[in-house]
1. Among the residues in region 3-15, are any closer than 22 Å to residue 155 by Cα and either at pLDDT below 90 or buried (at least 23 other Cβ atoms within 10 Å of the Cβ) (or both)?
2. Please go through region 59-79 and give me each residue that is over 18 Å from residue 121 (Cα atoms) and buried (at least 19 other Cβ atoms within 10 Å of the Cβ), ordered by number.
3. Select from region 280-324 the residues that are more than 30 Å from residue 265 (Cβ to Cβ) and in a strand (DSSP E or B) and list them in ascending order.
4. So residue 183 passes all but one of these: (1) on the phi > 0 side of the Ramachandran plot; (2) out of contact with any strand residue (DSSP E or B) (no Cβ under 6 Å at 6 or more places or on another chain). Which condition number does it fail?
5. Could you list all residues from region 261-276 that are part of a strand (DSSP E or B) and under 10 Å from residue 360 (Cβ atoms)?
6. Return the residues of region 255-274 that are within 26 Å of the chain's Cα centre (by Cα) and surrounded by fewer than 17 Cβ atoms within 10 Å (Cβ to Cβ); say none if nothing qualifies.
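The values are calculated or read from the model by the stated rules, or taken from the named source; none is laboratory data. Note that the coordinates shown come from a computational prediction; the quantities given were computed from them, not determined experimentally. We place every Cβ from the backbone using ideal geometry, glycine too, and count neighbours over all the protein chains shown.
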């Protein structure tokens with residue numbers, strides 16, 4: 001019997017920063033300029049430049065560039081359209097503070113957001129829904145819809161150890177390597193320099209390009225592989241925060257989809273348990289439904305919010321299957337929440353760990 005575990009850190013009462021998102025495999029913010037049209041400005045308009053550092057063309061129709069002030073959580077969105085080929089740029093023209101500076105190259109998208117040179121936040125979002133995050137570092141980059149995030153100056157949210165430096169009417173924040181570098185650290189990836197906006201007509205800048213191999217002789221080798229049974233589990237979120245709550249509140253449930261990949265012909269079972277909240281326990285529960293071909297556990301039937309047990313009590317059965325998973329994995333649409341109101345406990349941060357286990361049958 002093969003068993004795989006996956007855990008998620010929970011926090012309640014006080015916000016905790018979500019896990020940082022991995023480096024973007026394709027579209028990133030490669031340059032931004034906030035002094036457009038101001039006295040002595042290099043260009044007439046603010047702009048955000050995007051870059052495809054990946055190897056496939058990405059359709060950005062329905063995506064948005066969103067901007068919030070340094071400490072703000074109200075985001076202004078600019079709609080994008082079209083596609084960005086590998087190694088190509090995409091120019092988003094924004095606000096103009098006057099007539100100073102040279103005109104931008106032809107823009108690929110146009111908006112009206114007024115970027116502040118002193119500091120702010122720009123997010124590249126895979127849909128048009130305005131964000132509401134941004135109060136602390138990592139609060140936005142944990143969202144699966146945020147493809148990239150750049151904070152500069154005294155921004156309240158940013159990727160990595162720190163934000164990019166503040167800008168001026170004659171400096172832009174530019175990503176290293178022509179847009180290719182992405183270490184998920186704004187302070188390391190960006191530096192202030194002379195603005196140089198590029199659009200979809202600009203020359204391509206392929207990342208990790210290598211020269212063709214030299215001519216030579218060939219040889220051959222026999223190749224074989226043993227395919228082992230597969231059993232794995234992954235979570236939608238590695239860290240779940242219920243934000244801030246008061247005694248007597250019942251915070252809204254938070255989605256935590258669990259994806260199981262199994263080649264076991266007899267299927268698998270998915271279970272869950274948790275540690276107790278510290279410094280005092282809270283009534284954490286789970287609810288959800290089964291994917292096609294799956295059977296939800298009896299305690300979760302009808303959409304019930306079932307309490308998650310603490311060892312040494314047995315795990316709660318989330319559900320079972322009687323056949324291998326879909327090729328891309330079975331997605332169990334679950335959510336974590338509370339089975340009752342927050343009890344009378346001292347103020348502070350309360351944390352626990354939820355562990356999902358998949359067992360081949």
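1. Yes, the conditions are met somewhere in region 3-15.
2. 60
3. Hits for region 280-324 are 284, 285, 307.
4. Only one criterion is unmet by residue 183, namely (1).
5. 262, 268, 269 - these are the residues of region 261-276 that are part of a strand (DSSP E or B) and under 10 Å from residue 360 (Cβ atoms).
6. Within region 255-274, 255, 257 qualify.
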